[in-house]
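Report on the structure given below.
The values are calculated or read from the model by the stated rules, or taken from the named source; none is laboratory data. Treat the numbers as computed from the prediction; the structure is a model and nothing was measured. Here Cβ is always computed from backbone atoms with ideal geometry, including for glycine, and neighbour counts include all displayed protein chains.
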(Lines give C-alpha, C1' and ligand atoms only; values in the text may rest on other atoms or scores of the structure.)
Protein backbone atom coordinates (compact mmCIF):
# COMPACT_ATOMS: atom_id res chain seq x y z
CA UNK A 1 0.00 0.00 0.00
CA UNK A 2 1.14 3.54 -0.63
CA UNK A 3 2.03 6.00 2.09
CA UNK A 4 0.82 4.96 5.55
CA UNK A 5 1.21 6.04 9.14
CA UNK A 6 3.34 3.88 11.41
CA UNK A 7 1.39 1.97 14.06
CA UNK A 8 1.93 3.69 17.42
CA UNK A 9 0.13 1.20 19.66
CA UNK A 10 0.42 -2.47 20.52
CA UNK A 11 -2.04 -4.91 22.09
CA UNK A 12 -2.39 -4.14 25.78
CA UNK A 13 -1.68 -0.40 25.44
CA UNK A 14 -4.19 1.91 27.15
CA UNK A 15 -5.63 4.67 24.95
CA UNK A 16 -8.22 7.43 25.10
CA UNK A 17 -10.54 8.18 22.21
CA UNK A 18 -10.16 11.72 20.92
CA UNK A 19 -13.19 14.00 21.29
CA UNK A 20 -14.48 15.78 18.22
CA UNK A 21 -17.41 16.17 15.90
CA UNK A 22 -16.02 17.33 12.58
CA UNK A 23 -18.59 18.87 10.25
CA UNK A 24 -17.89 16.11 7.74
CA UNK A 25 -18.07 12.33 7.71
CA UNK A 26 -16.43 10.65 10.72
CA UNK A 27 -16.50 7.03 11.83
CA UNK A 28 -16.00 7.26 15.60
CA UNK A 29 -19.18 6.97 17.68
CA UNK A 30 -19.71 9.85 20.08
CA UNK A 31 -20.53 7.50 22.96
CA UNK A 32 -16.89 6.32 23.09
CA UNK A 33 -15.26 9.72 22.62
CA UNK A 34 -13.26 10.71 25.69
CA UNK A 35 -13.41 7.14 27.03
CA UNK A 36 -10.41 4.99 27.89
CA UNK A 37 -9.88 1.55 26.43
CA UNK A 38 -7.24 -1.06 25.69
CA UNK A 39 -5.77 -2.00 22.32
CA UNK A 40 -6.86 -5.57 21.62
CA UNK A 41 -5.63 -6.07 18.03
CA UNK A 42 -3.97 -4.23 15.12
CA UNK A 43 -5.55 -5.08 11.75
CA UNK A 44 -3.03 -3.18 9.60
CA UNK A 45 -3.20 0.17 7.75
CA UNK A 46 -6.09 1.12 5.45
CA UNK A 47 -7.09 4.17 3.48
CA UNK A 48 -8.72 6.78 5.71
CA UNK A 49 -12.52 6.47 5.20
CA UNK A 50 -13.07 10.04 6.40
CA UNK A 51 -11.01 11.28 3.45
CA UNK A 52 -12.47 8.78 0.97
CA UNK A 53 -16.04 9.83 1.83
CA UNK A 54 -15.36 13.27 0.30
CA UNK A 55 -13.40 12.20 -2.75
CA UNK A 56 -9.94 12.31 -1.15
CA UNK A 57 -7.29 9.70 -1.71
CA UNK A 58 -7.45 8.30 1.82
CA UNK A 59 -3.74 8.81 2.34
CA UNK A 60 -1.83 8.50 4.46
CA UNK A 61 -3.34 5.12 5.28
CA UNK A 62 -4.28 4.84 8.95
CA UNK A 63 -3.61 1.88 11.25
CA UNK A 64 -6.91 0.31 12.32
CA UNK A 65 -7.21 -1.17 15.81
CA UNK A 66 -9.77 -3.19 17.71
CA UNK A 67 -10.18 -1.41 21.05
CA UNK A 68 -11.78 -2.99 24.11
CA UNK A 69 -13.86 -0.98 26.59
CA UNK A 70 -15.40 -1.99 29.91
CA UNK A 71 -19.17 -1.63 29.59
CA UNK A 72 -19.30 -0.12 33.08
CA UNK A 73 -17.03 2.71 31.85
CA UNK A 74 -19.21 3.45 28.81
CA UNK A 75 -22.66 3.44 30.37
CA UNK A 76 -23.30 5.20 33.68
CA UNK A 77 -26.20 2.93 34.67
CA UNK A 78 -24.88 -0.32 33.21
CA UNK A 79 -26.32 -3.17 35.27
CA UNK A 80 -24.70 -6.16 33.56
CA UNK A 81 -21.73 -8.10 34.84
CA UNK A 82 -18.57 -6.08 35.59
CA UNK A 83 -16.70 -8.32 33.14
CA UNK A 84 -18.79 -7.25 30.09
CA UNK A 85 -16.79 -5.47 27.40
CA UNK A 86 -17.37 -3.78 24.05
CA UNK A 87 -14.99 -4.27 21.10
CA UNK A 88 -14.94 -1.57 18.42
CA UNK A 89 -12.69 -0.79 15.44
CA UNK A 90 -11.02 2.64 15.61
CA UNK A 91 -8.49 4.32 13.33
CA UNK A 92 -5.27 5.58 14.87
CA UNK A 93 -5.91 9.29 14.27
CA UNK A 94 -8.76 9.05 16.81
CA UNK A 95 -6.52 7.60 19.54
CA UNK A 96 -4.50 9.37 22.22
CA UNK A 97 -1.90 7.88 24.55
CA UNK A 98 -2.75 7.81 28.24
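Of all the listed residues (55, 37), the sole one being out of contact with any helix residue (DSSP H, G or I) (no Cβ under 7 Å at 6 or more places or on another chain), in a strand (DSSP E or B) and either surrounded by 12 or more Cβ atoms within 10 Å (Cβ to Cβ) or modelled with pLDDT under 90 (or both) is 37. Here is the figure for segment 78-92: residues that are out of contact with any helix residue (DSSP H, G or I) (no Cβ under 8 Å at 6 or more places or on another chain), surrounded by 11 or more Cβ atoms within 10 Å (Cβ to Cβ) and not in a strand (DSSP E or B) total 1. Please tell me if residue 9 is at pLDDT 90 or above, in a loop (DSSP other than H, G, I, E, B) and buried (at least 16 other Cβ atoms within 10 Å of the Cβ). Criteria met by residue 9. What's the number of the only condition in (1) in contact (Cβ under 8 Å) with a residue 40 or more places away in the chain; (2) assigned to a strand (DSSP E or B) that residue 28 fails to meet? Tallying (1) in contact (Cβ under 8 Å) with a residue 40 or more places away in the chain; (2) assigned to a strand (DSSP E or B), residue 28 fails exactly one: (2).
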